[in-house]
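As structure tokens, the structure follows; a few thoughts come after it.
Laboratory data are not the source of any read-out in this text; all were calculated from the coordinates shown. Remember, it's a predicted structure, so these values are computed and weren't measured experimentally. Every residue, glycine among them, receives a Cβ derived from its backbone with ideal geometry; neighbour counts consider all protein chains shown.
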């Protein structure tokens, strides 16, 4: 009797799983049938917001449904991320975020979700490298020049960041280790303030967002010594990567990517990934994003993006541990 009861229980569980799969397949077959919301966890007009709107306009045409951008700023991007983590996993609420998701986790912040399990990766929209910039000087033409000056000044050079635990801070710590130099870290309350003091000559160097730094580089107000990306920037083809400059250990190629709540059916995830990559092949979209200092992807899959996210999290945890970075 017990065997029969156990068999019925297994059969019931199997039936429940099959019904769930059938329901999900039906949902995916009709997808999308209504508006898709893309949450940007920062205020409007930032680089992620502009990326979302640039891609979203074309996504609507590819998918045949409106794509609405919702800005949910707060807690360094984690407020909006949490809203998506809690959303219904049906493909109608997505998150566009960057590597800060993993950086916050690596810093040991108490997040309301587990970054490793709360989301399903969809596609990488682009990579957002930084530029190592310095005060213009006849003797400052390369990363090697900066390293020699830092050693001559014996730790007196000052470098700025947008704050402790920011991408610029991670890059600065990686550079200090790779080049075996010391410098005074001055964390500001934001990138704008750090750039203001850089332009005023009060800062010796910094790793700055390429989109923010490029206008000043082109105006000759600062000099770009290298990019932290894996490839050179299309708009600054003469600026080497940090690896080309001799410092392979300094690669901060921030990803900007789309995520969905955990549990979103794979057919829907694949549909979204294909749509995003189709949009990224549009020359007008590529030109718009590259014009803001980004490197467009357009070839990622949910699986390759998942692999990238895992390796990215491991990297930042290693940097935090070795540099002893702690939030104040």
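Some points to look at:
- Within the chain, percent of DSSP bridges classed antiparallel, to nearest 5: 60
- Principal-axis tilt of helix 266-280 within the chain, Cα atoms, nearest 10 degrees: 40
- Antiparallel DSSP beta bridges within the stretch 130-227, as percent of all bridges there, nearest 5: 60
- Relative contact order (%) - the chain, alpha-carbon pairs under 8 angstrom, separation at least six: 25
- Here the label points at residue 117 and residue 311, each 7 Å from Cα along the C-beta direction, are separated by 2.5 nm in the simple model.
- Gain in span if fully extended, residue 283 to residue 186, counting 0.36 nm per residue against the direct Cα distance: 31.0 nm
- Between 0 and 90 degrees, the angle of helix 302-323 with respect to the longest Cα principal axis of the chain falls at about 40 degrees.
- Between 0 and 90°, nearest 10: helix 2-29 axis offset from the chain longest Cα axis: 60
- Listed residues 208, 243, 128, most fluctuating in the chain (Gaussian network, C-alpha, under 10 Å): 243
- Inter-label distance, nm, simple model (7 Å from Cα along the C-beta direction), residue 218/residue 141: 2.5
- Theoretical FRET efficiency, 1/(1+(r/R0)^6), r = Cβ-Cβ of residue 71 and residue 193, R0 25 Å, to 0.05: 0.70
- Euclidean distance between Cα centres, the stretch 236-266 to the stretch 60-128, Å: 17
- The relative contact order of the stretch 235-328 comes to 21 percent, based on Cα pairs under 8 Å that sit 6 or more residues apart.
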